[in-house]
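Here the structure comes first, spelled out in structure tokens, and everything after it is commentary.
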Amino acid sequence: MAKTKKHRNKFGQFKKTPYLCTRFRDLAQLVAHTSGGREVAGSSPVIPTEREKTENQQILGLFLINEYPSLVNRRDHQILEIALPAIVTNITVPLLGLIDTAIVGHMGSAAYIGAVAVGSMIFNLVYWLFGFLRMGTSGMTAQARGRRDFSEVTGLLVRSGWISLSIALLIIVLQWPVREGMLWFIGPTADVRPLAVTYFNIVVWGAPAMLGLYALSGWFIGMQNTRIPMFVSIMQNVVNIVASLTFVYGLGMKVEGVALGTVVAQYAGFLVAVWFLWRYYRRIVGTVLMIRRRKATVISRTVPMIRFLRVNRDIFLRTLCLVAVNLYFTSMGARQGAEILAVNTLLMQLYLLFSYFLDGFAYAGEALGGKYWGAKDMVAYRDVVRRLFGWGALMTILFTATYIIGGMPFLRLLTDEPQVVEASQAYVWWAYLIPAAGVAAFIWDGLFIGTTKTRGMLISSAIAALVFFVTATITMNLMGNHGLWLSMILYLLTRGIIQTFVS
């Protein structure tokens, strides 16, 4: 027998109505009022105020949670639809460097391996500093999409593209001081340096493609689409393998062939991303650009650009803090000898593996968090936060258990040096703490980018970096490499704790 519910009719009398009918009727009325208006007999439509719309959206969210909990599980599907392709992308990105290393590893000289390693390190560091082109674009695009401001969605794509091109051209113009400064900092040996210069002089011309791809990837993520960056990343690896093998073994080139293969792959990825943009978003972008061309004013172009630059400035300074911590960690490990440096390098692979997965959920935070924040739907936003931390907790448990059970066997796969493996046993337990220490920082980073709370990211990273440097200075004299790892764990914890309080 169908469940019924008593309610008053128009005469004030109670009568029984099927429960589901009243539920769907209430839902329909609420959606109608939330979306723009409701009809009142004998009068024109009543248009709700912005405050009423916000209140009704919150009521609608609570209605769905209470009455149809199975529908709310779709939020998890939304998260996974964004996170899983992003995880695949994160895992495939390092393959570009590994492919180059594998090819030069069969050229008959260790100098070729060193040259590619030095060149890759230079470009990884330079491009990491300009990661704000992706992060700033994704958060602001997600917010604009959430409030259905497609003019701003297109404007962000254009602004990010122009800034990416400008920075890339600046890198090309200033390539000599950039190259010499980085080589002085890294200090390669005499036999490696000329080969590294050759590699740099070729790969630097891929800067427009790489930074342009940063801007496009951020825009796609903001549009809730991580599949396109995944396809582009996979395609880049395939092109890089084919091109590098052709140049090296087909045309008899050495390190210059590997460099050319990398540049070809970079431009192939950028062109494919542009094709995806045209294929799936040309109506939105084309229509808005035509309107903006007719109605744009100096204010409408200048004010959004200032906000875009302000957000990216905070992300850039925050990235400097991260770079400083990582460089200091590496240099302090190197000062303790080749064996400790090798141990720390191996253990950092466990950190990177965890970060590849958590960054996928951070991307979901950027896209979904920014979307609901821009739409002022706080019920949905808090639900995204809660579920992201649920997934983060699950990943923490899985990775911690995996590292405890399989951490040492994994390290033995990475090296067959018995001394390094034996030395790793004294420090591997620090890797067990990485998931629990870093989960909050990764999740909040994505949410802060999506809601453009970049000042909070900068403050947390700056304070955490200060904690790292002070702790390392004090503890390394007392605990050696254990003190360095203690500093890293405290650094991750501090970032997450501060972000929790300023969120």
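A few comments on the model shown:
- Scanning segment 402-421 finds one or more residues that are open to solvent by less than 10 Å² (accessible area, probe 1.4 Å), modelled with pLDDT under 90 and under 24 Å from ARG335 (Cα atoms).
- Where VAL264 falls short, out of the listed (1) touching an Asp or Glu at 6+ places or on another chain (Cβ under 9 Å); (2) modelled with pLDDT of 85 or more: (1)
- Any hit, segment 354-366, residues being charged (D, E, K, R) and open to solvent by less than 10 Å² (accessible area, probe 1.4 Å): yes
- Of the residues making up segment 327-366, those that are under 16 Å from ILE91 (Cα atoms), among the small types (Gly, Ala, Ser) and either out of contact with any Asp or Glu (no Cβ under 9 Å at 6 or more places or on another chain) or not in a helix (DSSP H, G or I) (or both) are SER355, GLY360.
- Test: residue in segment 368-377 that is assigned to a helix (DSSP H, G or I) and more than 20 Å from ALA144 (Cβ to Cβ): no
- Applying the criterion of being buried (at least 16 other Cβ atoms within 10 Å of the Cβ) and touching a residue at least 40 places away in the same chain (Cβ under 8 Å) to the residues of segment 475-485, the residue that is farthest from the chain's Cα centre (by Cα) is MET476.
- Selection of first residues in segment 73-98 that are open to solvent by 70 Å² or more (accessible area, probe 1.4 Å) and of second residues that are at pLDDT 85 or above and not in a helix (DSSP H, G or I), restricted to Cβ pairs under 9 Å at least 6 apart or on distinct chains, gives the following pairs, ordered by first then second residue: GLU81/GLN224; GLU81/THR226; LEU84/THR226.
- Across segment 151-166, the number of residues qualifying as surrounded by fewer than 21 Cβ atoms within 10 Å (Cβ to Cβ) and under 17 Å from ALA207 (Cβ atoms) comes to 4.
- Only one of ARG382, ARG412, ARG387 that is among the charged types (D, E, K, R), under 26 Å from GLY483 (Cα atoms) and either in a helix (DSSP H, G or I) or touching a strand residue (DSSP E or B) at 6+ places or on another chain (Cβ under 7 Å) (or both): ARG412
- Filter result for the condition that a residue is under 16 Å from THR92 (Cβ atoms) and either part of a helix (DSSP H, G or I) or among the charged types (D, E, K, R) (or both), over VAL242, VAL264: VAL242
- Among the residues making up segment 234-250, a single one is open to solvent by less than 50 Å² (accessible area, probe 1.4 Å) and among the aromatic types (Phe, Trp, Tyr): PHE247.
- All positions within segment 327-350 that are of a type in the set (S, T, N, Q), open to solvent by 30 Å² or more (accessible area, probe 1.4 Å) and under 27 Å from the mean Cα position of the chain (by Cα): THR330, SER331, THR345, GLN349
- All positions within segment 440-474 that are in a helix (DSSP H, G or I), open to solvent by 20 Å² or more (accessible area, probe 1.4 Å), touching a helix residue (DSSP H, G or I) at 6+ places or on another chain (Cβ under 8 Å) and of a type outside the set (Phe, Trp, Tyr): ALA440, ARG455, LEU458, ILE459, ALA462, ILE463, VAL467, THR471, ILE474
- Given (1) open to solvent by 40 Å² or more (accessible area, probe 1.4 Å); (2) at negative phi, number of the condition GLY187 does not satisfy: (2)
The values are calculated or read from the model by the stated rules, or taken from the named source; none is laboratory data. Quick caveat, the model's predicted, so the values are computed rather than measured. Cβ atoms come from the backbone with ideal geometry, glycine included; neighbour counts cover every protein chain shown. Surface areas here come from the heavy atoms of the whole protein model, side chains and all, with no ligands, DNA or RNA. Shrake-Rupley method; radii C 1.70, N 1.55, O 1.52, S 1.80 Å.
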